[in-house]
Amino acid sequence: MGKVKVYAILPFVLEKRDQGYSLREIARLLENEGIKVSHQLVANAVKKLEEEGWEERIRRYERLLRFEHTKTFLNRWVQTHRAWFLFLIGMTFFKTAITHPKVNVPPHRVKSDFLTLSTYTIIAAEFDEPLKREFLSLLEYLQTLVNFYLLKHGQRPKNFIKAGYRRVPGELFKVLIAVKNNKFEEEVFNFAKSISQLIPTEA
């Protein structure tokens, strides 16, 4: 659990480090969020931010997955019919739902929906080789936010991407049929729409 937990706190640690907090203070702030961590775990998170490229990745994806960008993503998807833009919409809605201060999604819904999103993303990545790495990198970033949300709600963090890979063989045949019938994008769009209904209109 420790390895998954250290990734889960990365965005929070980066934000608080930017604000000038010390490791000890960040650990205390995490405890205020209901997440008990050692100073060493916070230090490990800082190391991953600095040495494994996570700082740059988090900053880039925080800029990319902004709610105000969804209209642009939708226009690009309509123009290109490239699944990448559709998934950017779904991921942005999901990120907004679990980070918006006025939204409180039940943890079981977060887990179920993110497992579905992980499975869809893994399959979509296989159909778009040039963007495969970016699909999965974005998914890893979202997983940090999901697990942070779960920790705040007293739930254990989980490797949803690994679970998604286990689900792929069972879903792949259904997806291939959907792709053949031009229904896969419709499924993903409807999924994104269901997530969007969790978000307040003023978001």
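The values are calculated or read from the model by the stated rules, or taken from the named source; none is laboratory data. Computed from a prediction, not measured in an experiment: that's the story for all the values here. Neighbour counts run over all protein chains shown; Cβ positions are idealised from the backbone, glycine included.
Could you count how many residues in segment 3-25 are within 22 Å of the chain's Cα centre (by Cα), surrounded by 12 or more Cβ atoms within 10 Å (Cβ to Cβ), part of a helix (DSSP H, G or I) and of a type outside the set (Asp, Glu)?
Keep residues of segment 3-25 that are within 22 Å of the chain's Cα centre (by Cα), which gives 3-18.
Still in the running and surrounded by 12 or more Cβ atoms within 10 Å (Cβ to Cβ): 4-17.
Of the ones still in play, those that are also part of a helix (DSSP H, G or I) are 4-8, 10-17.
Pick out the ones that are also of a type outside the set (Asp, Glu) and you get 4-8, 10-14, 16-17.
Selection size over segment 3-25: 12.
Give me the helices (runs of 4 or more DSSP H) completely within segment 40-122, filtered to those with at least 1 residues that are outside the structural domain of GLY164 (by TED's automatic domain parsing) and farther than 21 Å from GLY164 by Cβ, ordered by residue number. Walk me through it before giving the result.
Values: elements: 54-64, 70-80, 83-99.
Those helices (runs of 4 or more DSSP H) span 54-64.
Residues of segment 123-133 being part of a helix (DSSP H, G or I) and touching a residue at least 40 places away in the same chain (Cβ under 8 Å), which ones?
Within segment 123-133, the first condition is being part of a helix (DSSP H, G or I), and the residues that meet it are 123-127, 129-133.
Hits for segment 123-133 are ILE123, ALA124, PHE127, LEU131.
May I ask you to verify whether ARG60 is under 30 Å from GLU185 (Cβ atoms), basic (Lys, Arg) and surrounded by fewer than 18 Cβ atoms within 10 Å (Cβ to Cβ)?
On the way: under 30 Å from GLU185 (Cβ atoms): yes; basic (Lys, Arg): yes; surrounded by fewer than 18 Cβ atoms within 10 Å (Cβ to Cβ): yes.
Criteria met by ARG60.
Tell me which residues, restricted to segment 140-189, are of a type in the set (S, T, N, Q) and modelled with pLDDT under 90. Steps first, answer last, please.
So in segment 140-189, the residues of a type in the set (S, T, N, Q) come out as 143-144, 147, 155, 159, 181-182.
Listed by number, the residues that qualify are ASN181, ASN182.
Test of understanding: among LYS111, LYS152, which residue is closer than 18 Å to LYS95 by Cα and in contact with a Gly (Cβ under 6 Å, 6 or more places away or on another chain)? If you could, list the steps in order and put the result at the bottom.
On the way: LYS111 fails: in contact with a Gly (Cβ under 6 Å, 6 or more places away or on another chain).
Exactly one residue qualifies, and that residue is LYS152.
For the condition touching an Asp or Glu at 6+ places or on another chain (Cβ under 7 Å) and within 21 Å of ALA8 (Cβ to Cβ), what is the one hit in LEU49, LEU65?
Working: LEU65 fails: touching an Asp or Glu at 6+ places or on another chain (Cβ under 7 Å).
After applying the criteria, what remains is LEU49.
Check ALA27, ALA8 and return the single one that is small (Gly, Ala, Ser) and either assigned by TED's automatic domain parsing to the domain that holds ILE161 or farther than 22 Å from ILE161 by Cα (or both).
Working: ALA8 fails: either assigned by TED's automatic domain parsing to the domain that holds ILE161 or farther than 22 Å from ILE161 by Cα (or both).
Among ALA27, ALA8, only ALA27 is small (Gly, Ala, Ser) and either assigned by TED's automatic domain parsing to the domain that holds ILE161 or farther than 22 Å from ILE161 by Cα (or both).
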